[in-house]
Every structure is written in structure tokens, then in C-alpha cells.
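Q: Below is a structure I'd like to ask you about.
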Amino acid sequence: MRSIAAIETRIEEIQAKPTANAAGELVSLGEEVLEHWICARGETPTHAKKEGFRLLALHRQGAKGDPSFNACRETCRELVYHYNLVTLEPAHSDTMKRIQLAALVAKHLVLFVGGKMEVSGLGEFCCAAKPVRKNETVAS
Amino acid sequence: MVDVTERAKQLCEVAYYPGCALEGSGNGYDVSTRAIAYELGLRLRDVKDWNCCGAMEVKNIDPKIQTYLSSRVLSQAVNKTHNNVVMAPCNGCYHNLKKAEYDLAHDENSRDVVEMLSTKAGHETYEAGQAETIHALDWIKETIGVDGLRVRTKGKLAGLRIANYYGCMYVRPRHIFPEKDKGPGSESTSKPHFMDDLLAAAGAVNVEFPLKTACCGGAHTLSDSDMSTKLVLNILQAAEASDAEVIATECPTCHSGLEMHQIRAEKRFGKKTNVRILYFTQLLGLALGISPRKLGIHTNISHSLDFIREKGLT
């Protein structure tokens, strides 16, 4: 499994020089990002598919018991949507633009998950902060 | 089913909860919200003696304290402002008031804590169901509506290409927004569209923007500024790749983050983006013929006045 930083670099390469066959690779890179998250939780990443995509199954697995992870649900779905656009209409005049947008979506995923993993050591961030919540304080 | 006209009448006068951000960094949002209310003949009654909703900080220490703080705002609206519809333009406030409503309706422990603290503080305890919280988008959509805006704005934003950015708190978590995802006419939590609808009614062209509900990295700003800058830069680049000239916002935290990190991205990473960032209320105000100054556009961090003039929006 590549590091989060290496995944980010590869996405940036695709973003800079999009190629017609990069859509599948971007989805795979998204899967790798989610594998990192799931492994960090001490789980084994699923190989199941949801709606035909492992990416969506991995997201579901990653969000189990952690609703704040749903903040990247639509990002995963957008990546799948752009993959479908590119593969269903490979000759479309917007294909390169679609690949570029898919790369930006994948980039968001790697930044979001990477950031979430980084800060989880501090007690999570954003709408989570579960470690603190678990030790309910003043009002309980 | 509620009669649409009755509903519109009910929302013509609402309790207005600006929240802390709109008195500070998000002042342009407050000014423009008040300006379009005046122009559209809608009345905003400020919630008397309102307090912070609890934002993220309090929630991270003790979520029940956040529930209490938000419940006090609702109590002030119902008992002191005498209006049971609270309009909160800030996504954070809107989210927290909705969450408090949900907690009070579903969690006995939350009810006990709120009652105990309300008694201690000497005000009436808010009970679930006494008020309804709506967002500024709901407010315009359900009063003036798309057709009304179309008539009043006369397509003034024609040709302006906009990426509508909702941020992450407007639709998440789904369970605290029971009125959403109710089919045609209602807002969607996966693909929100109310801002798209309103700006399209004013003539704007909404681009296909894939990151409309993506996290802006606001919570990272202090712990890892580079991460926030990268998240924002990616959103700005995605908007530009979608051919947008403007990003329309409806959250003061997202808006400030986009503006500040747009500058920081250039300084820190040498990445310049030119997409403009304006509150949707500022864009609607321009469409209604209100001057940029009255909409607080000059108080935004990013400079949009030349662009607005070029587009003939003054």
C-alpha cells in the first residue's frame, strides 16, 4: 500500500497531465486512501462491492460507527460518477475535463482522509471528537 | 399538508438569529441578508439577547452544553421574541439548532440537562417542537420562491457562471433534517439545490460542481493550516475547472476559509486562483439592484468590486 503522500503525488500527476484511461486509476487511488483509513481502525478492508464499486463498499465500511466519515460519502460518489461518465462516453469532447475533475475529487478525498487520520491522534476533529464525548463531563 | 401560501405568509416575519460569525468575519452575510429582506418586504426580528449556539468548541467538550446553549436561543425566540420560526443563515448555527431540536425530542438525558441549566440560568426551558429552525435558503425559497425571484430580478445575473458551495454542515448528519429528502420541492442532503434554484431564477448559470458539499477544512485552520489551505485550494481549482467565475457561499466559516486560504495558497504554495467568492445573499442583492456597498461586498476579504462592475451588476 502506497503512503498517503505518494497517493496525493500520483493524483497531482494525473491532474497535471490527464489521460483518457486515468479514470480507473483514480478510483483505485480512492480505494487505497480508504484502505488506509480502515487499516488505521484495525480492520481488514473489504473486497466487496456496493453498486458495482469497491470504493463505495469501502466507504460504507469506513463510516461504520463513525458517522463523521460520511462527510466524504458524496466525494466517493462523485468519483464514481465521473468514472461512469468517462467510461460510458469515452469519445466525448469533455473527457479530459472530466478526468481532471475526477482528479480534483480524488484529491479532496486524499486530503480529507489524510487530515482526518492526522488529527485523529489529537482526539479527532470536525464534527467528531468522540474520545472527549465518551468521557461526558459537566452536564452528565 | 401545509398550504404553501399560508406557509409563505408564516415565514414573512421570522426570528432572526445571526450568530457570532455574522457579527464578525461574516458581516457581509448579515448586511446582505438584512438588505434583501428589506428589498423583498420580509421582516427579520432579531432574537432578543441571543447567545452563541455552542459552535464546534463547546460541542467537543460536552455536547449537552451545546444542546443547552442552542436551546436557550430557541427559548429566547419563542418566549422573548414571540416568533416560533427561527432563521439562521450560518450553517454552524443552523446545524446546532437543528441538532438541539433532535436531541431534545429523542434524548431524555438531554432534556434533563437543559431543564436543569435553564432553571439555574433563570429562563424558560425550551421544549422540542416549540419552534422551527430554517436556513436563509429555506426562507427565500419558501417566501418569495423561484418564480417570485425570476419576476423581481429580471435575469440580472444572466450569463454569470456560478459554482454553488454548500459546505458540509448544511446537510449533515441527515437525521437532524427530517424535512429534507422528501421528494420534489424539498432539499436534498446528497445533492442540495436550493441555492442553485434561487440563483438560476436570477439568471445565473450553475456549473456542474463536484465538491458542493465537500469539507472546507475549517476545523483544521488552527491545528494544520497547510491542510486547510490545500483543501480550499482544491475546491477553488475544482470550481475553476468547472468553468465557474464565482463561488456562491451560504456559510460564514466556509466563506472566510475560502477567502483567506485563497490568499494563503498563493503565498504558501504559489498557486493563484481567480474565482470570486460571494455570499448567495450578495449575489441575490445585486440581482435585485441593491448597491454592492449596501450588500457589504467591500467588507469581503477578496476583491470582487471590479469584477462586479465588469459584469454590469452595479
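Q: Restricting to the range B:179-206, give me the number of residues that are of a type in the set (Val, Ile, Thr) and within 16 Å of B:Gly167 (Cα to Cα). Please lay out each step first, then the result.
A: Step one: of the range B:179-206, the residues of a type in the set (Val, Ile, Thr) are B:189, B:205.
When the remaining residues are screened for being within 16 Å of B:Gly167 (Cα to Cα), the result is B:189.
Qualifying residue count, the range B:179-206: 1.
Q: Looking at the range B:100-113, is at least one residue within 14 Å of chain A (Cβ to nearest Cβ), among the β-branched types (Val, Ile, Thr), without any contact (Cβ under 8 Å) to a residue 12 or more places away in the chain and under 15 Å from B:Leu69 (Cα atoms)? Full working, then the answer.
A: Going through the range B:100-113, the residues within 14 Å of chain A (Cβ to nearest Cβ) turn out to be B:100, B:102-104, B:107-113.
If we keep only those that are among the β-branched types (Val, Ile, Thr) too, we end up with B:113.
Subsequent filtering for residues that are without any contact (Cβ under 8 Å) to a residue 12 or more places away in the chain retains none.
Within the range B:100-113, none of the residues are within 14 Å of chain A (Cβ to nearest Cβ), among the β-branched types (Val, Ile, Thr), without any contact (Cβ under 8 Å) to a residue 12 or more places away in the chain and under 15 Å from B:Leu69 (Cα atoms).
Q: Suppose we filter A:Leu101, A:Leu79, A:Leu55 for residues that are crowded, with 22+ Cβ neighbours inside 10 Å, touching an Asp or Glu at 6+ places or on another chain (Cβ under 6 Å) and within 24 Å of A:Glu12 (Cβ to Cβ); which single one remains?
A: Numbers: A:Leu101 fails: touching an Asp or Glu at 6+ places or on another chain (Cβ under 6 Å); A:Leu79 fails: touching an Asp or Glu at 6+ places or on another chain (Cβ under 6 Å).
After ruling out the rest, the residue left standing is A:Leu55.
Q: Just need a number here: residues in the range B:258-283 that are in a helix (DSSP H, G or I) and more than 14 Å from the chain's Cα centre (by Cα).
A: Step one: filter the range B:258-283 for residues in a helix (DSSP H, G or I), giving B:258-269, B:280-283.
Going one step further and asking which of them are more than 14 Å from the chain's Cα centre (by Cα), we end up with B:258-269.
Number of matching residues: 12.
Q: Same structure again: Give the range B:213-272 a look and list any residue that's more than 13 Å from chain A (Cβ to nearest Cβ) and among the hydroxyl-bearing types (Ser, Thr, Tyr), or say none.
A: Across the range B:213-272, the qualifying residues are B:Thr249, B:Ser256.
Q: Further question: Scanning for something away from chain B (no Cβ under 12 Å), outside any loop (DSSP other than H, G, I, E, B) and modelled with pLDDT under 95, does the range A:40-61 turn up at least one residue? Before you say what the answer is, go through the steps one by one.
A: Within the range A:40-61, the first condition is being away from chain B (no Cβ under 12 Å), and the residues that meet it are A:40-61.
Now narrow it down to the ones that are outside any loop (DSSP other than H, G, I, E, B): A:40, A:50, A:53-61.
With the extra rule that they be modelled with pLDDT under 95, the set shrinks to A:40.
Within the range A:40-61, one or more residues are away from chain B (no Cβ under 12 Å), outside any loop (DSSP other than H, G, I, E, B) and modelled with pLDDT under 95.
Q: On to the next question. State whether one or more residues within the range B:24-45 are in contact with a Cys (Cβ under 6 Å, 6 or more places away or on another chain), without any contact (Cβ under 8 Å) to a residue 40 or more places away in the chain and either crowded, with 18+ Cβ neighbours inside 10 Å or of a type outside the set (S, T, N, Q) (or both). Don't jump to the end; show me each part of the working.
A: First, pick out the residues of the range B:24-45 that are in contact with a Cys (Cβ under 6 Å, 6 or more places away or on another chain): B:42.
Add one more test, that the residue is without any contact (Cβ under 8 Å) to a residue 40 or more places away in the chain, and what stays is none.
No; the residues of the range B:24-45 include none that is in contact with a Cys (Cβ under 6 Å, 6 or more places away or on another chain), without any contact (Cβ under 8 Å) to a residue 40 or more places away in the chain and either crowded, with 18+ Cβ neighbours inside 10 Å or of a type outside the set (S, T, N, Q) (or both).
Q: Give A:Leu79, A:Leu85 a once-over and let me know the one that is at the interface with chain B (Cβ under 9 Å from one of its Cβ atoms) and farther than 24 Å from B:Asp224 by Cα.
A: Values: A:Leu85 fails: at the interface with chain B (Cβ under 9 Å from one of its Cβ atoms).
Among A:Leu79, A:Leu85, only A:Leu79 is at the interface with chain B (Cβ under 9 Å from one of its Cβ atoms) and farther than 24 Å from B:Asp224 by Cα.
Q: Look at B:Ser190 and say whether it is at the interface with another protein chain (Cβ under 9 Å from one of its Cβ atoms) and polar (S, T, N, Q). Lay out the reasoning, then the answer.
A: Working: at the interface with another protein chain (Cβ under 9 Å from one of its Cβ atoms): yes; polar (S, T, N, Q): yes.
The answer is yes for B:Ser190.
The values are calculated or read from the model by the stated rules, or taken from the named source; none is laboratory data. Everything numeric in this text was worked out from a predicted model, so none of it was measured. Please note: Cβ atoms are built from the backbone with ideal geometry, for glycine as well, and neighbour counts cover all protein chains shown.
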